[in-house]
1. With the structure loaded, tell me whether SER69 is touching a Ser or Thr at 6+ places or on another chain (Cβ under 6 Å), open to solvent by less than 20 Å² (accessible area, probe 1.4 Å) and closer than 16 Å to ASN113 by Cβ or whether it fails that test.
2. Mind telling me which of the residues LEU115, LEU58 ends up being open to solvent by less than 10 Å² (accessible area, probe 1.4 Å) and either in contact (Cβ under 8 Å) with a residue 12 or more places away in the chain or in a helix (DSSP H, G or I) (or both)?
3. Would you check if there is a residue in the range 21-31 being surrounded by 18 or more Cβ atoms within 10 Å (Cβ to Cβ), in a helix (DSSP H, G or I) and modelled with pLDDT of 95 or more?
4. Provide a single number: the residues in the range 13-30 that are in contact with a Gly (Cβ under 8 Å, 6 or more places away or on another chain) and more than 19 Å from THR157 (Cβ to Cβ).
5. For ALA32, are the conditions met, namely being touching a helix residue (DSSP H, G or I) at 6+ places or on another chain (Cβ under 9 Å) and over 24 Å from PRO126 (Cα atoms)?
6. Filter the range 133-170 down to residues that are among the small types (Gly, Ala, Ser) and in contact with a Gly (Cβ under 7 Å, 6 or more places away or on another chain) and give me whichever is farthest from VAL110 (Cα to Cα).
7. Regarding VAL46, is this residue assigned to a helix (DSSP H, G or I) and among the β-branched types (Val, Ile, Thr)?
Amino acid sequence: MQNKNVKFLVRGAVIAAMYAALTYLAGVAGLAYGGVQFRFSEALTVLAAFTPAAIPGLTIGCFLGNLGSPYGMVDILCGTLATLLAALCAYAARRMRIKGLPLLSMFFPVLFNGLIVGAEVAAFLPEGFTLYGYLANALWVAIGELVVCYAGGIPLTLAIEKTGLKKFFR
């Protein structure tokens, strides 16, 4: 029993560290925060379709990655909440696969980040929060998520499925 808990903790910690590191890497490139985001770390959200350890791993990784956000505490709380909700739903939908791929699981980060982070970014617009500002930012955040989650998540899934990495998640 204790060995299983240690494995769960290690898996979650590795995922959190990878997520945070990739977020900071995207931040250096100017892609991690703002209305248009291409966080390389979001490709890791597909890991919730493989292991429940990804739920706390992604959530803590997002929290750590958002410590560098120019939006401060709002992004730390809202962005982390979006990631937590996406990870929970991705794990719940892990068995729903299309041609062997957890495509629905990859969609939840697109949905929750678009809705929640889009609202967060819209709240910081110079004119303040407006419906148009919200819809525009939600769309741009969702598009960035869509690109990263699928362009990174599909190859990551294929690599996990075709290599011995699948054992790591059991």
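The values are calculated or read from the model by the stated rules, or taken from the named source; none is laboratory data. A quick note: this is a predicted structure, and the numbers were derived from the prediction, not measured. Note that we place each Cβ from the backbone using ideal geometry, even for glycine, and neighbour counts take in every protein chain shown. Calculation scope for accessible area: heavy atoms of the full protein, side chains included, ligands and nucleic acids excluded. Shrake-Rupley method; radii C 1.70, N 1.55, O 1.52, S 1.80 Å.
1. On the way: touching a Ser or Thr at 6+ places or on another chain (Cβ under 6 Å): no; open to solvent by less than 20 Å² (accessible area, probe 1.4 Å): yes; closer than 16 Å to ASN113 by Cβ: yes.
Considered against the rule, which asks whether it is touching a Ser or Thr at 6+ places or on another chain (Cβ under 6 Å), open to solvent by less than 20 Å² (accessible area, probe 1.4 Å) and closer than 16 Å to ASN113 by Cβ, SER69 comes out as no.
2. LEU58
3. Yes - at least one qualifying residue is present in the range 21-31.
4. 7
5. Criteria not met by ALA32.
6. This residue is ALA138.
7. yes
A quick yes/no check of all residues on (1) open to solvent by 40 Å² or more (accessible area, probe 1.4 Å); (2) within 30 Å of PRO70 (Cβ to Cβ):
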position: LEU111; (1), (2): yes, yes
position: VAL121; (1), (2): no, yes
position: TYR134; (1), (2): yes, yes
position: LEU139; (1), (2): yes, yes
position: THR157; (1), (2): no, no
position: LYS162; (1), (2): yes, no
